[in-house]
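The values are calculated or read from the model by the stated rules, or taken from the named source; none is laboratory data. Quick caveat: nothing in here was measured; it's all calculated off a predicted structure. Positions of Cβ are generated from backbone atoms using ideal geometry, with glycine treated the same way; all protein chains shown enter the neighbour counts.
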There are 2 protein chains.
Amino acid sequence: MRIGVLGTGEVGRTIGSKLVSLGHDVMLGARSPTNEAAEAWTRQAGHGAKHGTFAAAAAHGELVFNCTAGRAVMEVAAAAGPANLAGKILVDVSNPLDFSQGMPPRLLFPGNDSLGERLQRALPQTRVVKSLNTVTCAVMVDPARVPGEHDVFVAGNDAAAKARVAEILRDWFGWQSIVDFGDITGARGLEAYILFWVRGWQALGTADFNIRLMR
Amino acid sequence: MRIGVLGTGEVGRTIGSKLVSLGHDVMLGARSPTNEAAEAWTRQAGHGAKHGTFAAAAAHGELVFNCTAGRAVMEVAAAAGPANLAGKILVDVSNPLDFSQGMPPRLLFPGNDSLGERLQRALPQTRVVKSLNTVTCAVMVDPARVPGEHDVFVAGNDAAAKARVAEILRDWFGWQSIVDFGDITGARGLEAYILFWVRGWQALGTADFNIRLMR
């Protein structure tokens, strides 16, 4: 399948490499077509890996992952181009972390909005599904790094798009338990969770952790 | 033991009743000494239950729980009186929810501060321990309402105070797993989590849920 991955950071490269290993035709998108991280990734990831601008990656993908930094998300959406993403599923993995005032990060907004909703508003013809942002990228594509049963979440306005993303999470990445967090406003909860995650990471001394909803 | 509980809402009354049932001498604190909810609670909770002002409840307790609404916390701390709380452990159960712009709530601040830290700054001679705010009040005092293993968290600057609160959570309320989230700044993660909790509650259709950290 042709897949676009927006963002050349660790998250984008990790998801991109996993998708290439599954045999997909993956284009990593960056601000510049000569992005160094993207060029290095293309050489390493091998057959099926290519890179280009945000617009080229968005046009390339039948399915697109947004793996850009929270503060850049809206600029990336504009650069990718609403027309290039129209009718497509965009899996939004981003987190609204603001490092501008140093560590630890704060949220870009106090939970009255979310990057998922902002993307959905900016891209009304795209089916945005928030997911995977609640775990470290190695766990996103290999949930078995964390022993036992644990959950990943999906939030979005389009039920069919959420079902397709759930299928991808299960069949491609190996997720066993996928919890529906409702419409795209569910992203508010999933994004605010990142501050809990940061503290959990500090407390546990490892990023290889996740949560299980117990009821 | 003499215990003060600040706040006459559902959380304060639930924790107060549990403490009375364990044989403690509990004073529920309110803005007014003739608060109706506190008067009704005192009648219902029976022997060992009394009520008074925030200052009276703070002075009464050898240990104090803060169960007031997020937007009122600093005003309550001032009314309770730093001298009345000096040298004592204050278990802060509050959440920084802002309902002023309707439902769903937003956070009072974007994770660059927390009610736990604000209380600790306002009450430098008090040992503030953030805990219990990540579950509904019925689960706070009866974790077995949620089957299986699941976690409660403590954050605070004083290790001995955290150890004492952990003991109370285990011996009085029945918590099996208590996770240390570090110093009082850990409250930022525990408080931002409430937006995740709100969405989990909507998704699951029950407030009787919690999370288990898997690693």
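A few points about this structure:
- Of the criteria (1) of a type in the set (A, V, I, L, M); (2) more than 10 Å from chain A (Cβ to nearest Cβ); (3) in contact (Cβ under 8 Å) with a residue 24 or more places away in the chain; (4) closer than 23 Å to residue B:7 by Cα, which one residue B:166 fails: (3)
- Qualifying residue in the range B:169-185 (condition: of a type in the set (Asp, Glu), out of contact with any Pro (no Cβ under 6 Å at 6 or more places or on another chain) and in a helix (DSSP H, G or I)): yes
- Taken across the range A:177-185, residues that are of a type in the set (A, V, I, L, M, F, W, C), more than 9 Å from every other protein chain (Cβ to nearest Cβ) and within 17 Å of the chain's Cα centre (by Cα) do occur, with at least one present.
- Selection count, the range B:81-128, where residues are surrounded by 24 or more Cβ atoms within 10 Å (Cβ to Cβ), assigned to a helix (DSSP H, G or I) and within 14 Å of chain A (Cβ to nearest Cβ): 2
- The listed residue being of a type outside the set (A, V, I, L, M, F, W, C), farther than 21 Å from residue A:142 by Cβ and modelled with pLDDT of 95 or more, out of A:200, A:186: A:186
- Selected residue (only one of B:46, B:23 is surrounded by fewer than 23 Cβ atoms within 10 Å (Cβ to Cβ) and modelled with pLDDT under 95): B:46
- Of the residues in the range A:24-34, at least one is more than 14 Å from the chain's Cα centre (by Cα) and closer than 30 Å to residue A:110 by Cβ.
- Residue selected from the range B:73-114 under the condition under 21 Å from residue A:111 (Cα atoms) and hydrophobic (A, V, I, L, M, F, W, C), by the criterion farthest from the chain's Cα centre (by Cα): B:103
- Of all residues in the range A:133-150, those being assigned to a loop (DSSP other than H, G, I, E, B) and hydrophobic (A, V, I, L, M, F, W, C) number 3.
- Here B:161, B:144, B:155 are screened, and the one residue that is in contact (Cβ under 8 Å) with a residue 40 or more places away in the chain and not charged (D, E, K, R) is B:161.
- The range B:62-74, subset within 10 Å of residue B:3 (Cα to Cα) and not aromatic (Phe, Trp, Tyr), residue surrounded by the fewest Cβ atoms within 10 Å (Cβ to Cβ): B:62
- Looking only at the range B:6-20, and only at residues there that are touching a Cys at 6+ places or on another chain (Cβ under 9 Å) and assigned to a helix (DSSP H, G or I), the one that is surrounded by the fewest Cβ atoms within 10 Å (Cβ to Cβ): B:10
- Lone unmet requirement of (1) touching a helix residue (DSSP H, G or I) at 6+ places or on another chain (Cβ under 9 Å); (2) of a type in the set (A, V, I, L, M); (3) under 16 Å from residue A:214 (Cα atoms); (4) within 11 Å of chain A (Cβ to nearest Cβ) for residue B:138: (4)
- Residues of the range B:35-44 that are part of a helix (DSSP H, G or I) and within 24 Å of residue B:79 (Cα to Cα): B:36, B:37, B:38, B:39, B:40, B:41, B:42.
- Only one of the numbered conditions (1) within 14 Å of chain B (Cβ to nearest Cβ); (2) crowded, with 19+ Cβ neighbours inside 10 Å is violated by residue A:145, and that is (2).
- Just one of the listed residues (A:51, A:47) is in contact with an Asp or Glu (Cβ under 8 Å, 6 or more places away or on another chain) and either in a strand (DSSP E or B) or of a type outside the set (Ser, Thr, Tyr) (or both), namely A:51.
- Subset of the range B:45-87 (residues that are over 11 Å from residue B:123 (Cβ atoms), of a type outside the set (A, V, I, L, M, F, W, C) and in contact with a helix residue (DSSP H, G or I) (Cβ under 8 Å, 6 or more places away or on another chain)): B:46, B:47, B:48, B:50, B:51, B:52, B:53, B:68, B:70
- Qualifying residues in the range B:191-215 (those that are of a type outside the set (Asp, Glu) and more than 7 Å from chain A (Cβ to nearest Cβ)) - the one surrounded by the fewest Cβ atoms within 10 Å (Cβ to Cβ): B:205
- Qualifying position, being over 21 Å from residue B:197 (Cβ atoms), without any contact (Cβ under 8 Å) to a residue 40 or more places away in the chain and either surrounded by 20 or more Cβ atoms within 10 Å (Cβ to Cβ) or within 14 Å of chain A (Cβ to nearest Cβ) (or both), among B:59, B:30, B:77: B:30
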